[in-house]
Amino acid sequence: MHTPTHSAIQPAEKPTKTVTFVVNVTASTELKKPIAKRETKSASFEFRHGEDPWDTLLAWMLSQIDQILSPKKIGIEDYDVTFYIPRILPKPGLPLVSEEHYKTLSTQIDKIASQTPTVNIIVLQKPAVAVVKEVPISSGTRDEDELDASSSHASRGNKKKKDATELPGNIRVNKNIQLLCDVWLCKKPDSACPSTHCYVTTSDEHFPLSHEHFNCWAAAMLKGTEHATITKPPNHRLFDAIDTRGNITQEKLSPVLQRRLAALEPKSNTPQVSSPVINVTLGNDILGFAHTSMGPQLQMPQHKIETTNDSLLPMTHVPGEDMTIIDFCTHYDLGDTILKKLQDNSFRKARPLRFLTISALKEMGFVHGEIAELRDVVEQWLTLVRN
């Protein structure tokens, strides 16, 4: 009797959810006003739940608070932070100032069926408290020594807590990420490059950069210029396709990305193979019996959609209206299975679908029925190019 192996009963890995955090910040000066007159400012950011740790979420929150309030110093201990999730966890929600609270948040996110949930964070700035040290006039030497020792111990304790919660390293990482995004913004149009941000070599080769690339690069910059700079990527597996001279090794790119880049190369780069040309002349009477009846049937339809080079987008058409990949699949009723496969391969918008090929879809796990359904939807979405 065959005994099933352990690999057959292992639970499937949970898909990573992209959470949108909406941060609502109220300054301490506003909290003194009546509720109806208070002014609250908001900001938002995306977070990959299941991959990014608590330190990363904390750094994101402090970065948003710093942008809105611009305090002299930044630390989570200066704010009351709570979170709530519509239809899952109502107001006033639960606290969010420690890693234990983050575990509670993760449990609540796991209850949400959507892969792109939204979580609201409420940040209330604590009022500044002036600490006045009172020294009794008639106090003994022993009491004074105890007071000084107690104050010194409390000072050391507060300083240690401040260093643990402010996380200046994570704040510097986020500033480096923003700097890298500004420097490596791809200047090519969408029709020439599939990515918004690219590392560009001296020979004008483009290496697409994702959030994971930026996070790794920004963290390496904190270790020193010998590890990475704003113009030199780190020595990491994510950048293996970039050699020591700064050139891109196409063979080390992912197969899907290779095909997307290859689809953008001009056809003039394709070598032309010469082949013999044979001319055959037929007499007018050889097929005279079918000349009049067959002639009209040889005319091709003028607006037939034909694809070339295995491309999902026909050469005679251009992409339709751009939208999020979720709206695209919902509008054309493609179903959750096709949506998940597109999201797993980092498709966020509909327009990048024009770089896909049928071979790439098969590599992404699409079966024949799904490919046929996607091709039918793309034909509805495309716009005919008028000469």
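The values are calculated or read from the model by the stated rules, or taken from the named source; none is laboratory data. Everything numeric here is computed off the predicted structure, so don't read it as measured data. Using ideal geometry, Cβ is built from the backbone for each residue, glycine included, and neighbour counts are taken over all protein chains shown. All accessible areas refer to the heavy atoms of the entire protein, side chains included, with ligands and DNA or RNA removed. Shrake-Rupley method; radii C 1.70, N 1.55, O 1.52, S 1.80 Å.
General remarks:
- Residues in the stretch 49-64 that are touching a residue at least 60 places away in the same chain (Cβ under 8 Å) and in a helix (DSSP H, G or I) were compared, and the one that is surrounded by the fewest Cβ atoms within 10 Å (Cβ to Cβ) is 55.
- Scanning the stretch 316-363 for residues that are assigned to a loop (DSSP other than H, G, I, E, B) and more than 20 Å from residue 193 (Cβ to Cβ), we see that the one that is most open to solvent (accessible area, probe 1.4 Å) is 321.
- Residue within the stretch 208-223 that is modelled with pLDDT of 85 or more, in a helix (DSSP H, G or I), more than 30 Å from residue 98 (Cβ to Cβ) and open to solvent by 30 Å² or more (accessible area, probe 1.4 Å) present: no
- Qualifying residue in the stretch 21-39 (condition: farther than 17 Å from residue 174 by Cβ, part of a loop (DSSP other than H, G, I, E, B) and at pLDDT below 85): no
- Being at pLDDT 55 or above and either more than 25 Å from residue 115 (Cα to Cα) or more than 26 Å from the chain's Cα centre (by Cα) (or both) holds for only one residue in 345, 284, 387, 309, and it is 309.
- Hey, residue 78 of a type outside the set (Lys, Arg), closer than 19 Å to residue 170 by Cβ and open to solvent by 60 Å² or more (accessible area, probe 1.4 Å) or not: no
- Residues that are part of a strand (DSSP E or B), in contact (Cβ under 8 Å) with a residue 24 or more places away in the chain and over 22 Å from residue 48 (Cβ atoms), drawn from the stretch 94-132: 122, 124, 125
- First in the stretch 362-379 and closer than 15 Å to residue 335 by Cα, second anywhere and assigned to a loop (DSSP other than H, G, I, E, B) and open to solvent by 20 Å² or more (accessible area, probe 1.4 Å), Cβ under 6 Å, 6 or more apart: 377/332
- Condition met for residue 256 (of a type in the set (A, V, I, L, M, F, W, C), open to solvent by 40 Å² or more (accessible area, probe 1.4 Å) and at pLDDT below 60): no
- Contact map, the stretch 343-360: first residue within 15 Å of residue 382 (Cβ to Cβ), second residue in a strand (DSSP E or B) and polar (S, T, N, Q), Cβ cut-off under 9 Å, separation 6 or more or different chains; pairs are 350/324; 354/311; 355/311; 356/311.
- Of all residues in the stretch 93-106, none are open to solvent by 30 Å² or more (accessible area, probe 1.4 Å) and modelled with pLDDT under 90.
- Total residues in the stretch 212-247, condition touching a residue at least 12 places away in the same chain (Cβ under 8 Å), more than 20 Å from residue 195 (Cα to Cα) and small (Gly, Ala, Ser): 2
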